[in-house]
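Comments concern the structure below.
The values are calculated or read from the model by the stated rules, or taken from the named source; none is laboratory data. Here the structure is a predicted model, which means the values were calculated and not measured. Here the Cβ positions follow ideal geometry from the backbone for every residue, glycine too, while neighbour counts run over all protein chains shown. Heavy atoms of the whole protein, side chains included, go into the accessibility calculation; ligands, DNA and RNA do not. Shrake-Rupley method; radii C 1.70, N 1.55, O 1.52, S 1.80 Å.
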Amino acid sequence: MNTTGEITLESPGDDVIEMDRMYFPNPWESSQWLALNPGLNRLFTWRFQGELRGFALFGVAPDDNVAHLFKIVVSPQYRGSSTGSIFWPLLTAHLVTKGVNSVFLEVGVDNSRAIRFYEKLGFKALRRVRGFYSDGGDAQTMTLTLKVEVL
Ligand SMILES: CC(C)(COP(=O)(O)OP(=O)(O)OC[C@H]1O[C@@H](n2cnc3c(N)ncnc32)[C@H](O)[C@@H]1OP(=O)(O)O)[C@@H](O)C(=O)NCCC(=O)NCCS
């Protein structure tokens, strides 16, 4: 599996919105993407020769050291070879430079692949939130403390 590519901070483009619509379990409406505040959100894309291979969207409030992971998606043909795990440390390295020391997320309780992925990264389960999603589905909340290198 070729895991080459570049991680870049971007504004949401059509291909990101399309990848969300196709592959994210709870995709956003275009209006939600348009309402994103660039001061509060960070969208990282993973591209190779312009081709979008994945993305991750975090909410980071000013003066807060907790990042909220809203979305992470890897294109299906690049999944399953630890691609997500290679992508992840590049994201957290950026967040740490912004003063973030933990990540919080919600994941559908039936999304076993994503839960396994998060557990492998070191996330710990917090609680089950009943009826979290618009279709009535439950969410699992999880948190990860980031390792901050002390020089
Ligand atoms: C969640 C996601 C980003 C993980 O990326 P990935 O590249 O698949 O991650 P990895 O290759 O590191 O695999 C993670 C784990 O998934 C599991 N897995 C692998 N193939 C699987 C399959 N076909 N079915 C179910 N689980 C599988 C394995 O447990 C694997 O861990 P292992 O390598 O120790 O066995 C990716 O699967 C994805 O984009 N999913 C759709 C969007 C989504 O659900 N995002 C999260 C919503 S909160």
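Just a few scattered comments:
- Surface share of carbon and sulfur [accessible, 1.4 angstrom probe, percent] for the chain: 51
- Rounded, prolate or oblate (a/c below 1.5 giving rounded, otherwise prolate when a/b exceeds b/c) for the chain by Cα gyration tensor: rounded
- Leu121-Thr8 FRET efficiency (beta carbon distance; Förster radius 35 Å; 0.05 resolution): 0.95
- For the range 76-151, the dipole from Cβ point charges (+1 on Lys and Arg, -1 on Asp and Glu) about the Cα centre works out to 140 debye, to the nearest 20.
- The range 26-56 versus the range 105-151: alpha-carbon centroid distance in Å: 20
- Most fluctuating residue given options Phe44, Phe24, Phe55, as computed from a GNM of the chain linking Cα atoms under 10 Å: Phe24
- Ligands, DNA and RNA aside, Lys98 has an accessible area near 110 Å² when probed at 1.4 Å.
- Solvent-accessible surface of the range 79-121, taken per residue with a 1.4 Å probe and all protein chains present: 50 Å².
- Between Asp15 and Phe48, the simple spin-label model (points 7 angstrom out along Cα→Cβ) gives 1.3 nm.
- When the surface is traced with a 1.4 Å probe over the full set of protein chains, Arg128 keeps roughly 120 Å² accessible.
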